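The values are calculated or read from the model by the stated rules, or taken from the named source; none is laboratory data. It should be emphasised that the depicted structure is a prediction, and the values quoted were computed from it without experimental measurement. Don't worry about glycine lacking a Cβ; one is built from the backbone with ideal geometry, like all the others, and counts go over all protein chains shown. What goes into the accessible areas is simple: the full protein's heavy atoms, side chains included, and nothing from ligands, DNA or RNA. Shrake-Rupley method; radii C 1.70, N 1.55, O 1.52, S 1.80 Å.
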Amino acid sequence: MKRLAFIGGTGVYDPGILSGIYSEFIETPFGTVPYEVGKFGTKEVIFMARHGVHHTIPPHKINYKANIYALKMLNVGSIVSTTAVGSLNPEYKPGELVLVDQFIDMTKSRDHTFFDGEFRGVAHVDMTHPYCEQMRSAVLKAGEEKNVKIHKSGTYICTEGPRYETPAEIKAFRLWGADVVGMTNVPECQLAREAEICYCTISMVTNFAAGMIDTPLTHHDVLDCMNKNIESFQKITAEICEIFDPEKDCSCHHAVKDFGGFHL
Ligand SMILES: [Zn+2]
C-alpha cells in the first residue's frame, strides 16, 4: 500500500494527531536517512525532517537524493513538503500560506538528478506542472475545510543560500515573476518527479524579502513567525491525512515511463 509522507521542519506536525510514533533509519545508495512513522487512524504516515533531526544541515548540504530515494524505498506515493519563504509579492504577507505552482532554479552546487548518466542513464523529465495538480487540489480543499487561508498559486525561486538575498537580487527576481524565495524546493521537487512520486509544497511566508521593506531581516524574526503559524500547518496536515488517498493513480507516478520508469 502506498504511503503519504511529509517533509518539513521541526514542529510542522502535531504528534497529538498521530499514534504509535517511532523513529527509524534507512540505508540508501546515497546515504543513511532518518525518518519517523506514525499512524493517523489506520493510515501510516511518514515524516522526514529535511534539515536533519536536530536542524543541523544547511539547505545547500541537504542530501536531497538520499531523502527522496528513501521515501521511494518506503513505498511513498505522495509527498507534502513545507517550506519557509520570504515574500516578493506585497499581497503574500508574513504568516500566510502559499501553494506554489512553479519554480525558478537559482541553485549552484547541488546533486540534483537521479538521471546523471551513471546511476541510471539519461532522462529529461517534464516540468510543465512541477507540483502535482491532484495534491494541490487536496491541499486547497483541506484549507477550505479547516478555514485556513492559502494563496492558490505562486512562483518559488530557489536560491543556493545559506545567505539571504541582496535587494538587487530580489529586484531582479521580481522582474522574472517570482512571488516567494526559499532555499530548499530545488532539487527536492524535481527528484520527487524523477522518482515518480507526487509532490507539492506549502510555503509559509515568514518575512518580506530584502529591500521589500525598510527593516533588515533577522533569523530570529523568521523563526518567530514560523513558530506562531505552526498551528495552520498542523490543521492542514491533519486534514490531508484524513482526505488524501495516496493509492490514487496520478500522472506523476508515470513521469519517466518513456525512459523505462523509475525502479529501485
Ligand atoms: Zn501526482
(request) Considering (1) among the hydrophobic types (A, V, I, L, M, F, W, C); (2) away from the ligand (no atom under 16 Å from the Cβ); (3) part of a helix (DSSP H, G or I), say which one residue 192 fails and leave the rest. (result) (2)
(message) Consider segment 209-234. How many of its residues are touching a residue at least 60 places away in the same chain (Cβ under 8 Å), open to solvent by 20 Å² or more (accessible area, probe 1.4 Å) and part of a loop (DSSP other than H, G, I, E, B)?
(response) 3
(request) Considering only segment 92-141, state which residues are among the aromatic types (Phe, Trp, Tyr) and closer than 28 Å to residue 208 by Cβ. (result) 92, 103, 131
(request) Would you please name the residue that is most open to solvent (accessible area, probe 1.4 Å), looking only at residues in segment 94-117 that are closer than 21 Å to residue 226 by Cα and more than 16 Å from the ligand (Cβ to nearest atom)? (result) 94
(message) Which residue is farthest from the ligand (Cβ to nearest atom), if the candidates are limited to segment 240-252 and must be crowded, with 18+ Cβ neighbours inside 10 Å and not in a loop (DSSP other than H, G, I, E, B)?
(response) 241
(message) Would you confirm, using the coordinates I've provided, whether residue 71 is touching a residue at least 24 places away in the same chain (Cβ under 8 Å) and in a strand (DSSP E or B)?
(response) no
(message) Here is a list: 148, 125, 139. Which entry is open to solvent by 10 Å² or more (accessible area, probe 1.4 Å) and within 16 Å of the ligand (Cβ to nearest atom)?
(response) 125
(message) So if I check each of 28, 32, which one is of a type outside the set (A, V, I, L, M, F, W, C), more than 16 Å from the ligand (Cβ to nearest atom) and open to solvent by 70 Å² or more (accessible area, probe 1.4 Å)?
(response) 32
(request) Specify which of the listed residues (206, 237) is hydroxyl-bearing (Ser, Thr, Tyr), away from the ligand (no atom under 16 Å from the Cβ), open to solvent by less than 40 Å² (accessible area, probe 1.4 Å) and in a helix (DSSP H, G or I). (result) 237
(request) Assess whether residue 120 counts as being part of a loop (DSSP other than H, G, I, E, B) and under 18 Å from the mean Cα position of the chain (by Cα). (result) no
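Of all residues in segment 49-78 being within 16 Å of the ligand (Cβ to nearest atom) and not hydroxyl-bearing (Ser, Thr, Tyr), which is surrounded by the most Cβ atoms within 10 Å (Cβ to Cβ)?
Per the stated criteria, the residue is 68.
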(request) Quickly run through segment 79-93 and pick out the residues that are of a type outside the set (Asp, Glu), surrounded by fewer than 24 Cβ atoms within 10 Å (Cβ to Cβ) and assigned to a loop (DSSP other than H, G, I, E, B). (result) 89, 90, 92, 93
